[in-house]
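Undergrad: Just passing along the structure, written as structure tokens.
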Amino acid sequence: MSNATSSSLAFSSLDALPTQLAILDEDGVIVYTNRAWREFGNENGYQGDSSSVGMNYLGVCDLSTTDDATMASEGIRAVIDGERDEFSFEYPCETPDERLWFTMRATRFTDDGETYVQIAHLDITDRKRAELEAEEKAERLQNLARMLSHDLRNPLSVAVGYVESLLDEAVDADGLEQVAGALDRMDDIITDALVLARHDTVEELSTVDLETRAAAAWEHVETGSAELVVADSFEFRADPSLLGHVFENLFRNSVEHGASDDGLTVTVGVLGGDGDAPGFYVEDDGVGIPAETRDEVFEAGYSTGEEGTGLGLSIVAQAVHAHDWDIAATESGDGGARFEVTGVERSA
């Protein structure tokens, strides 16, 4: 087999690899990239020659101020200088459509007395997403254990204390009310904790109507004198059970934390009007949420009242994200709380 044939075969084999691969000279200049490298550039809107041949890879890294770019540059230089045989690390990559993860591996080799470095970028997105999902589940279980072991023990102690008092003294109606209240709070905590632990994935999607689902959820919440208004409606695909948790907990949050002396109106409506509705909103005309705490309200355990479990809005966020939607807390036109759920598409 001739040298020309061997060289052609070698480059063809590199082009057949699914891994993005580039070869750098000692100065960090790219002298070769395979098909996977070029295709990735074309698919993600790279401006210029997608092969990147002639570009200084290290120079591009040096121009970036990110820690990942600095780490890559330092690691590759260490391989070129012979300080280490190889270098690898994991990093995230933002494309126009999604977030990916890669492992970059740099190895040194020589050809005709010249030193080169092979740079391989292996897509590990599926594995990384599985790891992140496992970490999120583990965190939810830790939150559940914390809620059950700490938050549940406090009302239980109150209940036990009053029961012991009632056993020693004549039965007192006020004392019995305290016991009932503590036990009710225990029930609320258990219910919310179990929802948080169990409902993290979409079971089955079906076509739902915004007005119908909001009205049904309103009936399951103790709303007192509060009023529900559905400004407009549309049909979309969702898991009815998870969607019910979204509305119920948003309604409960408004009633428990947003009510004022003038009463409360909770409004549900469509984002985007009659267009391609990107989602829906739930807002009230209550006291609102301070701007500095709007990112914190979705964290498990966050609560501004003694009676809340601190899990309601965490359940909302979990159910929303299970649908691949997004949610944000902001301010309504009346100064109350407004929650916007985006990424929702109309049913065909």
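The values are calculated or read from the model by the stated rules, or taken from the named source; none is laboratory data. Bear in mind that the values here come from a model prediction, so they are computed numbers and not experimental data. Positions of Cβ are backbone-derived with ideal geometry, glycine not excepted, and every protein chain shown enters the neighbour counts. Remember, those area values only see protein heavy atoms, side chains included, never the ligands or the DNA or RNA. Shrake-Rupley method; radii C 1.70, N 1.55, O 1.52, S 1.80 Å.
Undergrad: Suppose we filter 127, 140 for residues that are open to solvent by 80 Å² or more (accessible area, probe 1.4 Å) and either of a type in the set (Lys, Arg) or modelled with pLDDT of 90 or more (or both); which single one remains?
TA: Residue meeting the stated conditions: 127.
Undergrad: Take the residues in the stretch 1-51 that are open to solvent by 50 Å² or more (accessible area, probe 1.4 Å) and modelled with pLDDT of 85 or more, then tell me which one is nearest to residue 117 (Cα to Cα).
TA: 26
Undergrad: Turning to a different aspect of this structure: Please work out which residue is farthest from the chain's Cα centre (by Cα), limiting yourself to the stretch 215-240 and to residues that are within 19 Å of residue 205 (Cα to Cα) and open to solvent by 60 Å² or more (accessible area, probe 1.4 Å).
TA: The qualifying residue farthest from the chain's Cα centre (by Cα) is 235.
Undergrad: Keeping to the stretch 263-288, report how many residues are crowded, with 17+ Cβ neighbours inside 10 Å, at pLDDT below 85 and of a type outside the set (Gly, Ala, Ser).
TA: Within the stretch 263-288, residues that are crowded, with 17+ Cβ neighbours inside 10 Å, at pLDDT below 85 and of a type outside the set (Gly, Ala, Ser) number 1.
Undergrad: Could you check, for the stretch 238-246, whether at least one of its residues is modelled with pLDDT under 90, among the hydrophobic types (A, V, I, L, M, F, W, C) and over 22 Å from residue 347 (Cβ atoms)?
TA: no
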